[in-house]
Every structure is written in structure tokens, then in C-alpha cells.
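K.L.:
Attaching a single structure in C-alpha cells format; questions to follow.
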2 protein chains.
Amino acid sequence: MNTRRKSKSIQIDRVTVGGSAPIVVQSMTNTDTRDVMSTVAQIKELEECGCELVRVAVPDAEAARAIHNIKKGISIPIIADIHFEYLLALEAMKAGCDGLRLNPGNIGELEKVKAVAQAAKERKVPIRVGVNAGSLPKTTNPELTIAQQMVDAALRQIHLLENLDFDLIKVSLKAFDVPTTIEAYQDIASKIPYPLHIGITEAGLPKTGIIRSTVGISTLLYLGIGDTIRVSLTAHPREEVMAGYEILKSLNLRQHGPVLVSCPSCGRAEVDIIKIATEVEEQLLKIDKPIKVAVMGCVVNGPGEAKDADIGIACGKGKAVLFKTGKKIRVIEEKNFVTALMAEVERF
Amino acid sequence: MNTRRKSKSIQIDRVTVGGSAPIVVQSMTNTDTRDVMSTVAQIKELEECGCELVRVAVPDAEAARAIHNIKKGISIPIIADIHFEYLLALEAMKAGCDGLRLNPGNIGELEKVKAVAQAAKERKVPIRVGVNAGSLPKTTNPELTIAQQMVDAALRQIHLLENLDFDLIKVSLKAFDVPTTIEAYQDIASKIPYPLHIGITEAGLPKTGIIRSTVGISTLLYLGIGDTIRVSLTAHPREEVMAGYEILKSLNLRQHGPVLVSCPSCGRAEVDIIKIATEVEEQLLKIDKPIKVAVMGCVVNGPGEAKDADIGIACGKGKAVLFKTGKKIRVIEEKNFVTALMAEVERF
């Protein structure tokens, strides 16, 4: 894996993004922000599954003001997502938002940008500027690739803020096309010092969207790029957070609860390995600690892989061998597979 | 994206793996291979969702002989998965298998390896040799990383076959740990000319296993490594094939049916975008052609992204704009969102 790109870190309230801070998992609510109760309830659900930063849409002044009451009910920093209206940014900051997502180039005259940058600087509220391949300004140079146009557009937004002596900046460059997204982030990574928020835009419903997002995000992380991630899905945002952690766990970049190793069921298995693994997966939802659990259905690869786990079973016909950190503990009967395994997991 | 590694191609019956051939999607049955009817039925299901090569477990002579009848009912090449018993390899070839998965180092005396290599050469049956991090031989050099031990073990298997003048070889190096897997494939990619079968082993149940597999496989493909892929899941193998294609589509390496772009639902959306997108996703299952369809729930990013699609809708309150290759066709009412969109998809 490439060494992680060294970025300037920023503080979004007490959450550090960039530098050598852990890669931050974020999401966005899909409730009506003006509906404080529903929004707080959804954010609390997100906190429970590990969400570290949450963004809310701010379509009007009522939504901006709602942030004040939302903050009372939640524990993670909140970012206000604003389009075009600079007054909404000022209102959201007054209401106590911890970060802003807006493009200064879209809010009009320089005086308005100045007012936002000044208030943000006073309150130490970072701003994410972001370019989406779907809403690029018309290019003056048709020879540029989409990725280059995205980088150019982002640099213009960044320079607007830098010229106002504002540098609490985070940057995103999202496209639906994964190679375009990777090209754009690789390019800008060498041109600016700011932390990068990475993701694939409009990736779609979970079944396909998780794969598309994972392809883009994981390749960038492997290349050392990315300080905070969002898996955008047409789904409950809980799924975004859970997918985000699975990506980071797969690259050993974060720990987050248990890891379940299980073999693909094949014509060699003598037990219903899908059923057993599914039961274990459900039971593991209650476990917080980072523990590696294995459920193997084959005597060929089973013992080897299961030995590598903290706790594991290698199942044969009617019986399984229970392992703990490489050592066989005992043989268990099929009716006790899940309970015996989980008892050892709890004890570990 | 890196240029694809140039590998020597092999033929598994009429499917080319390696060289400049498209990256092949494969899976493995989880039926009892001796049960010809169930195995044929599952392989036919896999064919329908695009599986191009299928592997079956061959635990005994009856399973090896069953390949003869299985082949009569299927249209894709079949690979026999064999452990330890060289006679099963000979039997599977007699029954007409198109490829073998076995490690010559595990079948005993050189005479046995010779018999298998000779029969495979005569019948033009390629052999995949593969190393799994979970079942590595004891290393003589404890300073080697796991990835280096995997490469060493694979090279020993390869040399056994090369010394018998056999070169219809494909190689895999799978671990559960993604960075280990990537390191191993990167290392061996520069040392041998053979095509590479890539995947993550024992990745687990779909929810987490798809993400882990995608992280490993997509990073390798981005680096230019990989000629055939298997997404190993503790699930029906259909899910392996579908996930495989989504990975390849996300990197623009293969086309396979429609692509659905849809925005994450946010507090700005005025329609139930999850519901609409889910309905469209279901309807698109019936469509074979590679078409890009967009379902957007927001006036900010919606029109831009939807214009990029072949057909798309950008939904506002009660109404949506229907787009076709960048041009607005007409405004549609909410009750017609899905039917109007699908009518245009069919017509495209």
C-alpha cells in the first residue's frame, strides 16, 4: 500500500480530519432537517453504528435554525449542506453547525463570500468545497478530460477562499465514473495541502452502489489518498456507515467490531455453512470488540484459516473443532456450534 | 489506471483467459457434484446471470465421473477442483472436464504428477495452481512475509509443472487479508508469464464479503493485474457472479446489462427516491442491453447527472423531467415516473 498522503489537518469540532488522524467515516441524513425529532433520531442511530460526522441538507432558513436544537440531541459534529444562498450559511453557523459544505463560487458576489469566510474563520468552522462531475461549469478548454475539468473547478473554489485568507478547507471531487474520480483525486492530491473527502457520487442502490463506491474509495485509499469517506447510497444512511467501516477494515486502516471469516459453501461442505455463518453474523452484531471469528465448512482449508482467527470453528459432518488463537480447544457437536463459538467470543 | 499486465493466454475450452481477452467472471457450485440434476440446474442459473467458467468440487470418483453427465446439460466450461488424489484428476479429465484446479505438490510422488501433466497436456486441459494463505507449507525462512511465502509456495508448484514441460497454467494467491493478497499478486505478476485468477479467500457472508472481495479485486484490477475473477461468498454462487460484473462495470472493464445511477436520498428530496429507484432496479432486471439509466431526486445535482445518462429522470415535487442522451423529452407526472422511464428504456 502507498504511504498515506500527508495532508494538513482540520478540526471539525473535536473530530480531526487529515494529517495522521484515523480516516473518518461520515454520512448524511435523509430526514427533513426542519423536523428536529426525526433528524435527531436518525443521527443517534448513525452514532450507534459509528458515524463520526454527519451532514444535513439546509434548503431554507428554518432548516438552518433547526441545527441549534438538533445539536442538543446529538454527540457528533454536524455539517450544514448549502447551495447558492450565503445567508443560509451565516444562519447555520449562528445555529452552531461545526462544518459547512458549500461552493463559494456558487453564492454570488465577493462580498457574500467574504461574509461567509469571515464568520467561518471566527467560529473555526471548516468549509468543504466540492466538485461533482454532473454539475461542472462550462469549460473554456474542451481538450481537458472530465477529471481535469473537475480539478480546475475545485482549484477555483479553493483560490476564492485562500484569497480571503481562509484555509480551513476540505475538498471533494466526485463522479459516478470510478476511473474519472480516481484520476481527479490523484491529480489534486499533489496540488493542494488540504484533507480530501472521498466518495463516488450517485452510486445507486445498495446492491450495486456499495460495489461501485468500494471500488472507488478502496483504490484511492490503497493509493494513500483520502482523509474522510462517505459511501453514498440510495438507502438508509446507516448502510453508508456500515459499508464505510467494512472498506476501512478490509485495508486494515480502522478496527470496528468483529470480523467474520467464512468460507464459500462448496460441494465439499458437509454442513449448511451459509446458515451457520448467518447465525453467527447476527450474534456478532451484539459484540463491540475487534475480534476475528471464523466459520469454516471444510476440512481442507478450514483448520488453517480458522487457526488464524481469534476464535473459530472448522466444521465436519455433525462435529466441529473449536479453535482459539491457533490452538484447538475441543470438539463440539452440531447442535452447539453457534452457542459454543459465541461463548468463547464473549469470554475472549 | 495502470495498463493491464501482459499475460500468456490459455484456452479453457472456448473461453480465453489472459492476454487481451476480456476479464473472465467465474464461480463455483455449492451443490453435491454427484447430484447431476441439482448441479446442472445451478450451473444453468449461473450461466443466465453471465457466469463464464464454473468450478465444481470433486471429492471422490463418483463426483469426477458425474462431470460427464453434467457437461451434457451446460454450455460453459467446467473446472474440476481436486485435493490430494491424482486419480481423481485423471478421472475428471476422462469425464471431460475443461480445466483442473489442483496443486501438483499435494498429490505425492513425481510419477503421479507426471501422469496428470501428461493427460492434461494431451487433452489441452489447463491447470490452476493456487496458494491459500491459510494452508501454507511451513517456511524454511521465517523472515519472509506471508505474501512472500505465498509467492514462494506458488513458484514451487509452477516449477513442478514446468519441469514436466507443462505450461497451460493459471495461478491464484488468495488470502483473507487484502493487503497481503495484493502484495502477493503484485510480486508474482512480475515473475511469471501466466494468467492470474484473482480473489479474496473466505471473504464471508454477502454484506461484508462483497466489500472485502471488491476492495481486493478492484485494487488489483486498477493496478493492471488479473485475468479472471471470483468473488468468494458464503452465499448462493449467483451473488458471486453478479458482484463480479459490478466490479468490472465500475472500472469500465466489461459491459453487462444496464447501469443504474441514483442519488442518495437527502433532506432536499421531495419524492421517495429510494422507492422509485428500487422499482426501477427491479424493472431493469429484465433488460439485457448496456444502458445507463438515472433516477435523481434533487433539482441541484439531478439534471446534470441525469443528462449524462442514456435515459433519466430528475424528480421534483409530483413531477419529473425525462431526459434522453442529454436532451429533455418532456415533463411527467409522479404516477408515471417508472412506466414512462421504462418505456423509454425499452425503446432506446
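The values are calculated or read from the model by the stated rules, or taken from the named source; none is laboratory data. For clarity, every value in this text was computed on a predicted model and none was experimentally measured. In this analysis, Cβ positions are derived from the backbone assuming ideal geometry, glycine residues included, and neighbour counts consider all displayed protein chains. Each accessible area value is taken on the protein alone, full model and side chains, heavy atoms only, with ligands, DNA and RNA left out. Shrake-Rupley method; radii C 1.70, N 1.55, O 1.52, S 1.80 Å.
K.L.:
For chain B, modelled as a GNM with alpha-carbon contacts under 10 angstrom, which of B:Glu52, B:Glu122, B:Glu62 fluctuates the most?
P.N.:
In this elastic network of chain B, the residue with the biggest mean-square fluctuation among B:Glu52, B:Glu122, B:Glu62 is B:Glu122.
K.L.:
In terms of modelled amide H atoms, which long-range or inter-chain residues lie less than 5 Å from the amide H of B:Ser7?
P.N.:
Amide H neighbours of B:Ser7: B:Gly19.
K.L.:
What is the mean number of Cβ atoms from other protein chains located within 10 Å of the Cβ atom of each residue in peptide B:230-239, rounded to a whole number?
P.N.:
Across the residues of B:230-239, the mean count of other-chain Cβ atoms within 10 Å is 4.
K.L.:
Helix B:146-162 sits at what angle to the longest principal axis of chain B, using alpha carbons and giving 0 to 90 degrees rounded to 10?
P.N.:
With rounding to tens, the tilt is 60 degrees.
K.L.:
Using only the alpha-carbon atoms, how far is helix B:337-347 inclined from the longest principal axis of chain B? Give it as 0 to 90 degrees, nearest 10.
P.N.:
60 degrees
K.L.:
Ignoring ligands, DNA and RNA, how much accessible area is buried between chains A and B, both sides summed, with a 1.4 Å probe, to the nearest 100 Å²?
P.N.:
Counting both chains, the buried surface is close to 5800 Å².
K.L.:
Could you give the length gained on full extension between A:Lys292 and A:Glu143, defined as 0.36 nm per residue of separation minus the Cα-Cα distance, in nm?
P.N.:
48.6 nm
K.L.:
OK, next. Over segment B:10-250, what is the mean sequence separation of C-alpha contacts under 8 Å (at least six apart), divided by residue count, expressed as relative contact order in percent?
P.N.:
Rounded, it is 20 percent for segment B:10-250.
K.L.:
Let me ask something else. Under 20 °C and 1.002 mPa s, how fast does segment A:40-90 diffuse according to Stokes-Einstein, given a Kirkwood radius computed over C-alpha pairs? Answer in µm²/s, whole number.
P.N.:
Roughly 188 µm²/s, to the nearest whole number.
K.L.:
Let me ask another. How big is the protein assembly as shown by Rg and Dmax over its Cα atoms, in Å?
P.N.:
In order Rg, Dmax, the Cα atoms of the protein assembly as shown give 26.5, 85 Å.
K.L.:
Here is a follow-up. Are there residues in segment A:187-204 whose accessible area shrinks by at least 50 Å² when all protein chains are included rather than the chain by itself, and which are they (probe 1.4 Å, ligands and nucleic acids not counted)?
P.N.:
Residues of segment A:187-204 that lose at least 50 Å² of accessible area once the other chains are added: A:Glu202.
K.L.:
Using Cα springs under 10 Å in a Gaussian network model of chain A, which residue among A:Thr219, A:Thr278, A:Thr180 shows the largest mean-square fluctuation?
P.N.:
Of the options given, A:Thr278 has the highest mean-square fluctuation.
K.L.:
For segment A:314-330, what does the Karplus curve 6.51 cos²θ - 1.76 cosθ + 1.60, with θ = phi - 60°, yield as ³J(HN,Hα) per residue in whole Hz, taken in order and with x for Gly and Pro?
P.N.:
Result, ordered by residue: 10, 9, x, 6, x, 9, 9, 9, 9, 10, 9, 5, x, 10, 5, 8, 6 Hz.
K.L.:
Okay, moving on. Just counting partner chain Cβ atoms within 10 Å, what average do the residues of peptide B:247-255 show around their Cβ?
P.N.:
The mean count of partner-chain Cβ atoms within 10 Å per residue comes to 4.
K.L.:
Based on DSSP, what percent of beta bridges with both residues in chain B are antiparallel, to the nearest 5?
P.N.:
30 percent
K.L.:
Can you show me the helix-derived [θ] at 222 nm for chain B, built from DSSP H runs with n ≥ 4 at -39,500 (n - 2.57) apiece and divided by the number of residues, rounded to the nearest 500.
P.N.:
-12500 deg cm²/dmol
K.L.:
Additional query: For segment B:226-344, which whole-number percentage of the solvent-accessible area (1.4 Å probe, protein heavy atoms only) is attributable to carbon and sulfur atoms?
P.N.:
After summing per-atom areas, the C and S share lands at 50 percent.
K.L.:
Tell me which residues come under 5 Å, amide H to amide H, from B:Ile329 once H is placed; ignore anything under 5 positions away on its chain.
P.N.:
B:Leu322, B:Phe323, B:Lys324
K.L.:
Does anything in segment B:313-332 have its amide N under 16 Å from the 7 Å Cα→Cβ label point of B:Lys275, and if so which residues?
P.N.:
In segment B:313-332, the label zone of B:Lys275 (backbone N under 16 Å from the point 7 Å along Cα→Cβ) covers B:315-320.
K.L.:
In nm, to one decimal, how far is the modelled label at B:Glu111 from the one at B:Lys328, with both set 7 Å along Cα→Cβ?
P.N.:
It works out to 8.2 nm between the two label points.
K.L.:
Run through the DSSP bridge list for segment A:259-347 and note the antiparallel percent, rounded to the nearest 5.
P.N.:
Counting only bridges with both partners in segment A:259-347, antiparallel ones make up about 60 percent.
K.L.:
What spacing in nm lies between the two simple spin-label points modelled at A:Ala61 and A:Gln255, each 7 Å away from Cα in the Cβ direction?
P.N.:
Between A:Ala61 and A:Gln255, the simple spin-label model gives 5.0 nm.
K.L.:
Of the candidates B:Met150, B:Met28, B:Met242, which one comes out as most mobile in a Gaussian network treatment of chain B with C-alpha springs shorter than 10 Å?
P.N.:
Most flexible of the set in this elastic network: B:Met242.
K.L.:
Starting from the Cα of B:Lys335, step 7 Å along the direction of its Cβ; do the same at B:Lys8; then give the gap between the two resulting points in nm.
P.N.:
Roughly 6.7 nm, to one decimal.
K.L.:
Okay, next question. Computed FRET efficiency, Cβ-Cβ of A:Lys317 and B:Lys72, R0 22 Å: what is it to the nearest 0.05?
P.N.:
0.15
K.L.:
Just for the protein assembly as shown, what percent of DSSP beta bridges are antiparallel, to the closest 5?
P.N.:
DSSP beta bridges in the protein assembly as shown are roughly 30 percent antiparallel.
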